[in-house]
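A.B. asks: To start, I am sharing the structure in question, which I have written as structure tokens.
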Amino acid sequence: MNTAGIVLCGGKSTRMGVSKALLPFGSETMLQRIVRLLGTVVSPIVVVAAPQQPLPELSASVTVTRDEQEGRGPLEGLRAGLKSLPSAVDFAYVTSCDVPLLVPGFVRRMIELVDEHDIAVIEIDGFLHPLSAVYRRSTLPHVEALLAENRLRPAFLFEALRTRRVSPAELVRVDPSLQTLRNLNDRADYLEALSSAGFCEEKSSQS
């Protein structure tokens, strides 16, 4: 099973106030860190950005693509990412660029759990995490159909396709505190994540 990675970074970052993709995290930007961590498990990597969005320098092996339309949420980014995958790829692990504490073992386990399903997504207390999930490349036509109908919620995709709803208990062995799901929405989240990773704000800002 050939699995790629898709990193969505086209959000407006309104609460953070600055582009999350460009935020320093140690010696890297947050996007560079996610690409590096994800690349230890899957290949190739596709980064999906908004039109005209500035990005940090990335490896030549990383494919950069853009949303066809802005402001349409993760399904728009998923479409752009899936369309950019080579035909030899069967699945893609999809993540946002604001989860710098991503655990590669979490990604590996999610890929194992998708099995014969079209999608594997973690569900916690009824809440699904569409940007910490595995999607079969063949889901693309369904994504495009939902976008055409302006049905932008990922839940519509989960309802229509064979979806494996993964429980936290199936992942705690590889990511005990589910740090992979810890996305950063504002400056306080950012500072807490820096501290958790052993960085301080000053050092990250100077890198």
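A.B. asks: Looking at the structure I just gave you, is Val114 open to solvent by less than 50 Å² (accessible area, probe 1.4 Å), more than 20 Å from Arg33 (Cα to Cα) and over 15 Å from the mean Cα position of the chain (by Cα)?
C.D. replies: yes
A.B. asks: Could you give me the residue pairs with C-beta distances under 7 Å whose first residue belongs to the stretch 159-179 and is in contact (Cβ under 8 Å) with a residue 12 or more places away in the chain and within 25 Å of Val143 (Cβ to Cβ), whose second residue is open to solvent by 50 Å² or more (accessible area, probe 1.4 Å) and assigned to a loop (DSSP other than H, G, I, E, B) wherever it lies, and which are 6+ apart or on separate chains?
C.D. replies: Taking only residues 6 or more apart or on different chains, the pairs are Arg162/His117; Thr163/His117; Arg164/Asp115; Arg164/His117.
Quick grid of which residues meet (1) touching a Cys at 6+ places or on another chain (Cβ under 8 Å); (2) at negative phi:
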{"site": "Leu8", "(1), (2)": "yes, yes"}
{"site": "Ile34", "(1), (2)": "yes, yes"}
{"site": "Val42", "(1), (2)": "no, yes"}
{"site": "Val48", "(1), (2)": "yes, yes"}
{"site": "Gln52", "(1), (2)": "no, no"}
{"site": "Leu58", "(1), (2)": "no, yes"}
{"site": "Ser61", "(1), (2)": "no, yes"}
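A.B. asks: Next question, about the same structure. It is to be established whether one or more residues within the stretch 12-22 are assigned to a helix (DSSP H, G or I) and closer than 18 Å to Leu181 by Cβ.
C.D. replies: Checked against the condition, which is being assigned to a helix (DSSP H, G or I) and closer than 18 Å to Leu181 by Cβ, the stretch 12-22 yields at least one hit.
A.B. asks: Also: Which residues, counting only those in the stretch 110-122, are out of contact with any Asp or Glu (no Cβ under 7 Å at 6 or more places or on another chain), in a helix (DSSP H, G or I) and either among the basic types (Lys, Arg) or more than 14 Å from Arg137 (Cα to Cα) (or both)? Before you say what the answer is, go through the steps one by one.
C.D. replies: To start, the set of residues in the stretch 110-122 that are out of contact with any Asp or Glu (no Cβ under 7 Å at 6 or more places or on another chain) comprises 110-112, 114-122.
Filter again for in a helix (DSSP H, G or I), leaving 110-112, 114.
Of everything in the stretch 110-122, those that are out of contact with any Asp or Glu (no Cβ under 7 Å at 6 or more places or on another chain), in a helix (DSSP H, G or I) and either among the basic types (Lys, Arg) or more than 14 Å from Arg137 (Cα to Cα) (or both) turn out to be Met110, Glu112.
A.B. asks: I'd like the residue in the stretch 89-109 that is within 23 Å of Ala145 (Cα to Cα) and out of contact with any Leu (no Cβ under 8 Å at 6 or more places or on another chain) and, out of all such residues, is surrounded by the most Cβ atoms within 10 Å (Cβ to Cβ).
C.D. replies: My answer is Phe91.
A.B. asks: Let me ask something additional. State whether the residues of the stretch 42-59 include one that is farther than 14 Å from Val7 by Cβ and in contact (Cβ under 8 Å) with a residue 40 or more places away in the chain.
C.D. replies: No: zero hits.
A.B. asks: Separate question: Cβ contacts < 8 Å: first residue surrounded by fewer than 22 Cβ atoms within 10 Å (Cβ to Cβ), restricted to the stretch 19-40; second residue part of a strand (DSSP E or B) and among the charged types (D, E, K, R), any location; separation 6+ or different chain. Result?
C.D. replies: Between residues of the stretch 19-40 that are surrounded by fewer than 22 Cβ atoms within 10 Å (Cβ to Cβ) and residues that are part of a strand (DSSP E or B) and among the charged types (D, E, K, R), the close pairs are Arg36/Glu28.
The values are calculated or read from the model by the stated rules, or taken from the named source; none is laboratory data. Note that the structure is a prediction, hence the values are computed from the model and not measured. We place every Cβ from the backbone using ideal geometry, glycine too, and count neighbours over all the protein chains shown. Side chains are part of the model used for accessible areas, which takes the heavy atoms of the whole protein and leaves out ligands, DNA and RNA. Shrake-Rupley method; radii C 1.70, N 1.55, O 1.52, S 1.80 Å.
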